[in-house]
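To start, the structure under review is shown below, and the notes come after it.
Read-outs throughout are calculated quantities, based only on the coordinates presented, and are distinct from any laboratory measurement. Being a predicted model, the structure only gives us computed values, none of them experimental. Positions of Cβ are backbone-derived with ideal geometry, glycine not excepted, and every protein chain shown enters the neighbour counts.
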Amino acid sequence: MARMVNIDDMLIKLVEFNHQFLKIKKDILNSKSLNASTVNLISIIGNETMTLKQITEISELDKSTISRQISLLVEDGLVQREVGEDKRFSFFELTEDAKVIYRQYQADFVEYMDDALRGWSEEEKQMFSVLIGRANYSLSTALSAEQ
């Protein structure tokens, strides 16, 4: 007979995992002199050309917050702004510098995780990946049902 899983214990472990993950992210951001907002916006824009409205919808943040953050990225030379034909819309895309910074950030994260999971077998890593995927799907489904 299968043992009952203690959901409280699972939540404690999940909070601890999240705490560790955020610490790793903070360390990597600090080592690159980046902040989470910069990386978040760079990851949203990616290889696309986007309007402020599109970026705001994806980020689920306030338009004024995104506008302020995008302006700083334009000043820093990480995002290019092009004004549309009717001048009511601006289009934003990443500069090559931003793409290089993001690729390095991702590579550092992969290296860190690879080192952290060095003692794991490939089967354990695969199982962990599948379980994270299932958890994400279940949480997403639960969130959708609430709305």
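Which three extents, in whole angstrom, do the alpha-carbon atoms of the chain cover along their principal axes, largest first?
Principal extents (largest minus smallest coordinate, Cα): 68, 38, 23 Å.
Please give the FRET efficiency for LEU72 paired with MET10, using the beta carbon to beta carbon distance and R0 = 35 Å, rounded to the nearest 0.05. If you can, show how the numbers build up before the last one.
Working: r = 39 Å, r/R0 = 1.12.
E between LEU72 and MET10, to the nearest 0.05, is 0.35.
Angle between the Cα long axis of helix 96-116 and the longest principal axis of the chain, 0 to 90 degrees, nearest 10?
Computed tilt is about 10 degrees.
Step through the residues of segment 49-54 one at a time and calculate ³J(HN,Hα) from phi using the Karplus curve (6.51 cos²θ - 1.76 cosθ + 1.60, θ = phi - 60°), rounding each to whole Hz and writing x for Gly and Pro.
10, 10, 8, 4, 4, 4
Can you give me the distance in nm between label points at PHE17 and ARG81, each placed 7 Å from the Cα along the Cα-to-Cβ direction?
Placing both labels 7 Å beyond Cα along the Cβ direction yields 4.1 nm.
Using each residue's phi in segment 19-36, evaluate 6.51 cos²θ - 1.76 cosθ + 1.60 at θ = phi - 60° and report the 3J(HN,Hα) Karplus result to the nearest Hz, with x for Gly and Pro.
Result, rounded to whole Hz: 4, 5, 4, 5, 5, 4, 4, 4, 4, 5, 4, 4, 5, 9, 6, 10, 10, 4.
Using r as the Cβ-Cβ distance of THR51 and ARG103, and R0 as 41 Å, what FRET efficiency do you calculate, to the nearest 0.05?
Between THR51 and ARG103 the formula returns 0.95.
With +1 on each Lys and Arg Cβ and -1 on each Asp and Glu Cβ, and nothing else charged, work out how big the dipole of the chain is about its Cα centre, in Debye to the nearest 20. Let's see the in-between values first.
Numbers: 17 positive and 24 negative charges, 50 e Å.
Using only the charged Cβ atoms, the result is roughly 240 debye.
Can you list residues from other chains, or at least 5 along the same chain, whose modelled amide H is less than 5 Å from the amide H of SER90?
Those qualifying (amide H under 5 Å, at least 5 residues apart or on another chain) are LEU52, GLY84.
Which pairs break 31 Å Cα to Cα here: LYS26/LYS87; LYS13/LYS63; LYS32/LYS87; LYS26/LYS125; LYS25/LYS125; LYS32/LYS63?
Listed pairs above 31 Å: LYS26/LYS87; LYS13/LYS63; LYS32/LYS87.
So, in Å, what gap is there between the alpha-carbon centers of segment 79-129 and segment 1-31?
22 Å
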